[in-house]
Amino acid sequence: KDFILKKAREVCTCSHQTIITFFCQLFPVLDWLPHYNIKTQLLGDVISGLLVGIVAIPQSISYSLLANQDPIYGIYTNFFCNIIYVAMATSRHNCVGSFGVLCLMIGQSVNRHLQLAGYSDDNTGSLLVGNSTSSSNGTGVCDRSCYAITVALSLSFLVGLYQILLGVLQLGFVAVYLSEPLLSGFVTGSSLTIITSQMKYLLGLKIPRHEGVGSFILTWIDLFRYIQNTNICDLVTSLVALAVIVPVKEINDRYKEKMKAPFPIELLVVIVATVVSYYFNFEKRYKSAVCGDIPTGFRKPTLPDINLFSSLAVDALPIAVIGFAMTVSLAEIFGKKHGYAVRANQEMIAIGTCNLIPSFFYCFASSAALTKTLLKESTGTQTQVSGLVTSLVLLLVLLWIAPLFYSLQTSILGVVTIVNLRGGLRKFCDTRRMWQLSKLDTVVWWTTMLSSTLVTTEIGLLVGVCFALLCIIFRTQRPRATLLGKVSNTEIYEDQSTYKQLSSIANIKIFRFESSLYYANKDYFKTVLYQKTGVNPVLLAAKHQRVEAQANANTGNTKSFFGSRFDCLKPAKRRAEKPPADACPPSIDMHTLIVDCGVMQFIDTVGLSALKEAHHDYKEIGVQVLLANCNPSIRHRLQEG
């Protein structure tokens, strides 16, 4: 009681210094901004911010299409979350904004709710034209575009709420269950799903958007079914854009160390494509789908729809987990590279706030974006001031430039989205090397990738996590077990099957079990122990009992035979003194068994019972069991048990 009261007083004590420390931890900008060096840091931040902002313009518009939203909402999302992240992040290099995998998951959830609300797929074009919704005009009617953003901002609110709760409750360790092979497989599977969803824009086809299990296959079936309706203008434009963007991006990647900044080919292609589409009137002449009217300025803040929370609560959970996992992992990678500390729980609160507050300003969920973070780091950013510069670039688009993208074809947006997924597709080339390093990790990668692609992204993530945990259990359930031998003239003991010229100690076996001993592997422990030592005490004890029983029976028969036939006493004695070979008690080539517990981290109650049984069984046949290299926690458990 006294200890609890003491800790409570320490936590609840409020002083001037405590308040300053609290706000500095919640808003790290208060800590580093007063020490900002304008001469050495400002130039790198400005250049990096400008380049990231230039890249963010086409990505914001194209990822809006992926999230089933109007283009303006993608620009809103990238603008607001960058400003908030500057104030709350501990990472100096992360760049937050729309992320392809999250946009895919948001788009699937939005589309599912649109179908439940009765909006048909025939009105898909309304997401790209006429961005000012009916409800904002005072009519009180919410059209398809209005309902789509209502669902998205309610989803963003829940995602942010989940992430803030995880950060406040210090649950950042949850991210460790998303291993690198699992995340890599999930991103690759999601990339394939994204490419599939964007193919209809590249071909100019109007096909329904499938949801649920098998949507990947059903979409490809529809693509081939309606391929005769391909819009030749959209197809040619897409192929030309791919032929221009991909080689330039490859050159940027190959010579990034020699180039001061990558060439902004995406923005250039978007500008040229918009100008060409406008002057040749692709929309009316060839019926190409275009972005349409993109309004300028900001809309009045709105509240999320509370009525949607119950149906979106489950959808928000995997989005929140993937969002903070990507943010924390990227922050830690670049923190280690540049030698500064990153607080995982604060990063979760930061990205949660980047989703919670912007949800009132018509934004959808965001996280740290891999491509923009890599660009930001490679172009010399020093602090998060570069995020403010990126937001200023997007502000120019919001206030003046956005309407100029009216004639931009949606096929170009699809190309921009697909080109940015090259990193996820390259993971296929890494699987051969991964197989050589760890076959189990490779199986986790393929399982997560296939389930994310062929089932759904949410179920794929769940399957990947469960399968990865099962692999860990499998590894500890059937661990490596060996007999040890002694290295000559030393006190070193090593595995006899791995090392040569090890000497065995006469009548002593040393057994090592390379895992903790618990309920899942206690049967395997006893099985492999009996197998490696070549002595099964249970069978030997049973054999002893049979020999004794047979000996007792023979003694009884001798007495009966002596009473009936005295003259046959001597032959009977000879038979009793020399029993058959199978009646002899078996011989054992050891008197001591040493169990090396150096690798065991813990023993549970079931494992303790297994040790007791082994000790008792070997004692029955005259073999003593000793335990070596027990750590303090195991010794305590053995003493208590």
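The values are calculated or read from the model by the stated rules, or taken from the named source; none is laboratory data. Note that this is a predicted model, so its numbers are computed, not measured. Every residue, glycine as well, gets a Cβ built from its backbone with ideal geometry; the counts of neighbours run over all protein chains shown. The protein model used for the area step is the full one, side chains on, heavy atoms only, and it has no ligands, DNA or RNA in it. Shrake-Rupley method; radii C 1.70, N 1.55, O 1.52, S 1.80 Å.
Among 310-323, 43-56, 360-373, how do they line up from the highest to the lowest mean number of other beta-carbon atoms within 10 Å? Intermediate results must be reported in sequence, preceding the final value.
Numbers: 310-323: 20.6, 43-56: 22.2, 360-373: 25.3.
Packing proxy ranking, top to bottom: 360-373, 43-56, 310-323.
Report, in whole Å, the centroid distance computed from the Cα atoms of segment 298-341 and segment 601-617.
45 Å
In whole Å, how far is the Cα centre of segment 346-419 from that of segment 30-93?
6 Å
Between Asn281 and Gln170, what's the calculated FRET efficiency when r is the beta-carbon distance and R0 is 51 Å? Round to 0.05. Before the final figure, lay out the partial values.
On the way: r = 58 Å, r/R0 = 1.14.
The pair Asn281/Gln170 has a calculated efficiency of 0.30.
List the lysines whose Cα lies under 28 Å from the Cα of Lys612, skipping any in the same chain that are fewer than 8 positions away.
The qualifying lysines are Lys486, Lys509, Lys522, Lys526, Lys532, Lys543.
So, R0 is 60 Å and r is the distance between the beta-carbons of Thr230 and Ile19; what FRET efficiency does that work out to, to 0.05?
Numbers: r = 64 Å, r/R0 = 1.06.
For R0 = 60 Å, the calculated efficiency reads 0.40.
Kindly rank 326-339, 104-117, 539-552 from highest to lowest mean number of other beta carbons found within 10 Å of each residue. Don't skip to the answer; put the middle values down first.
Values: 326-339: 18.5, 104-117: 21.3, 539-552: 13.6.
Those peptides, ordered most packed to least, come out 104-117, 326-339, 539-552.
What do you get for the angle between helix 605-620 and the principal long axis of the chain? Use alpha-carbon atoms, 0 to 90 degrees, nearest ten.
Rounded to the nearest ten degrees, it is 20.
What spacing in nm lies between the two simple spin-label points modelled at Cys429 and Leu303, each 7 Å away from Cα in the Cβ direction?
5.3 nm
Show me 604-615, 253-264 ranked by packing, highest mean number of other Cβ atoms within 10 Å first. Could the numbers behind the result be given before it?
Numbers: 604-615: 17.0, 253-264: 12.5.
Top to bottom by mean Cβ count within 10 Å: 604-615, 253-264.
What distance in nm separates the simple spin-label points at Ile492 and Ile401, each placed 7 Å from Cα in the Cβ direction?
6.4 nm
Just reorder Ser145, Ser503 by solvent-accessible area, largest first, 1.4 Å probe, all chains present. Please list the in-between numbers first.
Details: Ser145 0, Ser503 50 Å².
The residues order as Ser503, Ser145, largest area first.
If I model a spin label at Ala117 and Glu640 as a point 7 Å from the Cα along the Cα→Cβ vector, what separation in nanometres do I get?
Taking the simple label geometry, Ala117 and Glu640 are separated by 5.6 nm.
Could you tell me which of the pairs Lys336/Lys439; Lys200/Lys287; Lys260/Lys336 are separated by over 20 angstrom between their Cα atoms in the structure shown? List each step's numbers first, then the result.
On the way: Lys336/Lys439 28 Å; Lys200/Lys287 14 Å; Lys260/Lys336 23 Å.
Violating the 20 Å limit, Cα to Cα: Lys336/Lys439; Lys260/Lys336.
What whole-number value in Å² describes the accessible area per residue of the chain for a 1.4 Å probe?
Values: 32360 Å² over 641 residues.
On a per-residue basis, the chain sits at 50 Å².
If you compute Cα extents along the principal axes in Å for the structure shown, which of [x] 128, 70, 53; [y] 176, 140, 39; [z] 107, 79, 60 do you land on?
Working out Cα extents along the principal axes in Å from the coordinates points to [x].
Rounded to the nearest 500, what is the 222 nm mean residue ellipticity of the chain from helices alone, with -39500 (n - 2.57) per DSSP H run of 4+ residues and division by all residues?
Values: 25 runs with 393 residues, N = 641.
The helix-only estimate for the chain comes to -20500 deg cm²/dmol at 222 nm.
Out of all DSSP beta bridges with both ends in the chain, state the antiparallel percent to the nearest 5. Display every interim value, and only then the final one.
Values: 10 of 21 bridges.
Of all bridge pairs located within the chain, approximately 50 percent are antiparallel.
Multiply the residue separation of Val272 and Lys619 by 0.36 nm, subtract the distance between their alpha-carbon atoms, and state the gained length in nm to one decimal.
Values: separation 347, 0.36 × 347 = 124.92 nm, distance 8.59 nm.
This chain segment gains 116.3 nm when fully extended.
What is the angle, in °, between the Cα long axis of helix 410-419 and the longest principal axis of the Cα atoms in the chain? Nearest 10 is fine, range 0 to 90.
It is inclined by approximately 40 degrees.
For Arg475 and Ser609, FRET efficiency with R0 = 25 Å and r from the beta-carbon atoms, rounded to 0.05? If you can, show how the numbers build up before the last one.
Details: r = 23 Å, r/R0 = 0.90.
E(calc), rounded to 0.05, equals 0.65.
Round to the nearest 10 and report in Å² the accessible area of Val538, as given by a 1.4 Å probe over the protein chains' heavy atoms.
Rounded to the nearest 10, that gives 80 Å².
Only residues of segment 455-492 count here: report those whose backbone N is under 16 Å from the spot 7 Å along Cα→Cβ of Gln501, or say none.
Zone members listed by number: 485-492.
How large is the charge dipole for segment 1-72, taken about the Cα centre, if only the Cβ atoms of Lys, Arg (+1) and Asp, Glu (-1) carry charge, to the nearest 20 debye? Working shown, then result.
Numbers: 5 positive and 5 negative charges, 81 e Å.
Its charge dipole is roughly 380 debye.
Counting Lys and Arg as +1 and Asp and Glu as -1, each charge on the Cβ, what is the dipole of the chain about the Cα centre in debye, to the nearest 20? Don't skip to the end; give the middle numbers.
Numbers: 56 positive and 42 negative charges, 363 e Å.
Here the chain has a charge dipole of around 1740 debye.
Could you give the angle, 0 to 90 degrees to the nearest 10, between helix 71-88's Cα long axis and the longest principal axis of the Cα atoms of the chain?
For helix 71-88, the angle is close to 60 degrees.
State the percentage of accessible surface on segment 449-537 attributable to carbon and sulfur atoms; use a 1.4 Å probe and exclude ligands, DNA and RNA. Present the calculation step by step, with values, prior to reporting the outcome.
Values: 2750 of 4750 Å².
On segment 449-537, the fraction of accessible area on carbon and sulfur atoms equals 58 percent.
Under the classification rounded if a/c is under 1.5, otherwise prolate if a/b is larger than b/c and oblate if not, where does segment 355-442 fall, given a ≥ b ≥ c as square roots of the Cα gyration tensor eigenvalues?
Values: a/c = 2.27, a/b = 1.72, b/c = 1.32.
Prolate.
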